[in-house]
């Protein structure tokens with residue numbers, strides 16, 4: 001049975017981040033991202049703005065959505081993120097911004113969000 005009410009406000013989704021060491025070896029790490037459960041109209045608008053950004057050949061397009069803006073909009077919490085001592089890192093906007101600055105976390109978060117809304121991996 002499909003229930004119209006009682007849906008949670010967020011979706012928890014695994015994010016796989018492949019860190020490459022100095023020898024070129026990828027070491028996968030994962031954490032659980034909390035994404036907002038957005039209305040379809042808002043998802044459509046985000047997808048439209050992402051397409052505009054991908055197709056734009058200059059900075060003159062006003063409706064662009066940068067990866068940074070998208071990642072900050074969709075990453076609203078997390079589980080299984082720890083510091084170098086193995087202690088849990090509490091989510092905050094400042095810690096989110098710090099995490100998203102570590103490459104390749106930002107593209108991994110965005111790819112996971114697209115997977116969460118479509119059930120498919122995003123093409124680059």
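From the list 68, 97, 63, exactly one residue is surrounded by 10 or more Cβ atoms within 10 Å (Cβ to Cβ), closer than 17 Å to residue 114 by Cβ and touching a helix residue (DSSP H, G or I) at 6+ places or on another chain (Cβ under 9 Å). Which is it?
On the way: 97 fails: closer than 17 Å to residue 114 by Cβ; 63 fails: closer than 17 Å to residue 114 by Cβ.
Step by step, each of 68, 97, 63 is checked, and only 68 is surrounded by 10 or more Cβ atoms within 10 Å (Cβ to Cβ), closer than 17 Å to residue 114 by Cβ and touching a helix residue (DSSP H, G or I) at 6+ places or on another chain (Cβ under 9 Å).
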*Since residue 4 meets every condition but one in (1) within 22 Å of residue 119 (Cβ to Cβ); (2) without any contact (Cβ under 8 Å) to a residue 12 or more places away in the chain; (3) surrounded by fewer than 11 Cβ atoms within 10 Å (Cβ to Cβ); (4) within 18 Å of the chain's Cα centre (by Cα), which condition does it not meet?*
(4)
*Within segment 25-35, is even one residue surrounded by 10 or more Cβ atoms within 10 Å (Cβ to Cβ), in contact (Cβ under 8 Å) with a residue 40 or more places away in the chain and in contact with a helix residue (DSSP H, G or I) (Cβ under 7 Å, 6 or more places away or on another chain)?*
yes
*Which residue pairs have Cβ atoms closer than 8 Å, lie 6 or more positions apart in sequence or on different chains, and pair a first residue in segment 43-55 that is free of Cβ contacts under 8 Å to residues at least 40 places away in the same chain with a second residue that is in a helix (DSSP H, G or I)?*
46/70; 46/73; 50/70
*Mind counting the residues in segment 59-87 that are touching a strand residue (DSSP E or B) at 6+ places or on another chain (Cβ under 6 Å) and at pLDDT below 95?*
0
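The values are calculated or read from the model by the stated rules, or taken from the named source; none is laboratory data. The shown structure was predicted, so the numbers you read here are calculated from the model rather than taken from an experiment. Here Cβ is always computed from backbone atoms with ideal geometry, including for glycine, and neighbour counts include all displayed protein chains.
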